[in-house]
Amino acid sequence: MQVDLIFPARGKENRKLGWMPVAYIDKASCPTACVLKGLRGCYAEYGPVSWHWNKVSAGLIGDDWLTFCDKVVSRIGPRSIWRYGVAGDLPGLGDLIHPHDMDLLIAANMRRPVIAYTHKPVFDVPEALSNRRTIADAITKGFMINLSADGVDYADRLISLDLAPVVVILPNAYGRREKSYGSSQWLETIGEYRDRIATLPTHTPARRRIAICPATYTDAKCSTCRACSKPRDAIIGFPAHRAGAKKAELAHLVARDVVVGEPWVFPEHRTMAEVIAEETAAA
C-alpha cells in the first residue's frame, strides 16, 4: 500500500486545513461499500486532490507503509497536529482495517494530535467486529479516529456504539455560499448565512446535536480548531461541496425525519485570540 506524507510550504497550505502535514493513502484502502465512491460525492475524486491521489495510488509517488511510519516518527513534531488520509482510509484493503499496520501507525504517531476519518464498516460485514476492536484500541492508545456517516440515521447508529466521535455529510444548503469551493470569497455575510439556516434541522432523529464545521462558514482552520482531533459529544457536520446533481444525490441521505432547532453553531470552537492566549500561557 502506497502512502505520501506531504509538508506544505508555508503560505501554500490548504485554506481550511491551515498548515499541517497531510497524508494521501492508496485508493485500495477505501472500503468497497462506501456510497461516495465512483464520483458520487467523494471530494477526493475531483480536482487537484484527485490528481495527486491518482499518482499515489498508481505507485508513481509516495512510500511503502513502513517508510511512511518512519517519516511520521522523524518528521512530524512531537506536539504537531497532522491530517491522516486527506484522501484514502485507514490501512487495509477494502473493508478491513489491517490491525498490524494500524499498530505501526499508532506507535509512530506517539499520541500526537491527529485528524483522521474512516468509512470502514463497523456494522453488517464480516470485518465489522475486527474494525471496531482496532478503532477502539487506536483511540485508547492516542490515535483519534472519527467515524464518517453518510446520513443522520446512520450517524445515530454509529453514536449508539459508544466507540468514537462521529461526523456526517450534510446537504449543500448548510454551507455558506462562496464564489468557488475553498476560495474564501463569501457571497453572503455571516449574518445572512445564519439567518438563512436558522430554521434548518440541527439534530438527528434521536435528538443528538449536530454542529456544522466552523471551517466551512468562517475563516477558521482545522489547525486551530482541532475539534476533530478530540473526544466530543456533538456530531460534526460537513456540507457537501460538489455542484448540481452530486449535492442533490447526497441531500436525500441527510435531510429527512429530523426536527427543526436553533441555528447551527459550534460553541466549542476557539477564536484566534483564544488560541494565541493559550499558546502564550503554555510557552
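Values quoted throughout were computed directly from the atomic coordinates according to the rules given, and no laboratory measurement underlies them. Only a predicted model underlies this, so the values are computations on that prediction, with no experimental measurement involved. Here the Cβ is made from the backbone with ideal geometry for all residues, glycine too, and neighbour counts use every protein chain on show.
In terms of packing, defined here as the mean over residues of other Cβ atoms within 10 angstrom, the peptides 218-225, 68-75, 8-15 line up highest first as 218-225, 68-75, 8-15.
Averaging over every viewing direction, what projected area does the convex hull of the Cα atoms of the stretch 1-144 cover, in nm²? If you wrap the Cα atoms of the stretch 1-144 in a convex hull and average its projections, you get 8.3 nm².
Net charge within 9 Å of residue 222 by Cβ-Cβ distance, Lys/Arg positive one each and Asp/Glu negative one each, not counting residue 222 itself?
Details: positive: 16, 83, 221, 226; negative: none.
Around residue 222, the charge tally is +4.
Summing charges over neighbours of residue 78, with a neighbour being any other residue whose Cβ is under 12 Å away from its Cβ, gives +4 when K and R count +1 and D and E count -1. On the principal axes of its alpha carbon atoms, the stretch 63-148 extends 38, 24, 21 Å, with the longest extent given first.
Report relative contact order for the stretch 87-228 in percent, whole number only (criteria: Cα-Cα under 8 Å, sequence separation at least 6).
Values: 167 pairs, mean separation 24.2, N = 142.
In percent, rounded to a whole number, it is 17.
If you take all C-alpha pairs in the stretch 133-202, what percent of them are over 20 Å apart?
Values: 1222 of 2415 pairs.
More than 20 Å apart: 51 percent of the Cα pairs in the stretch 133-202.
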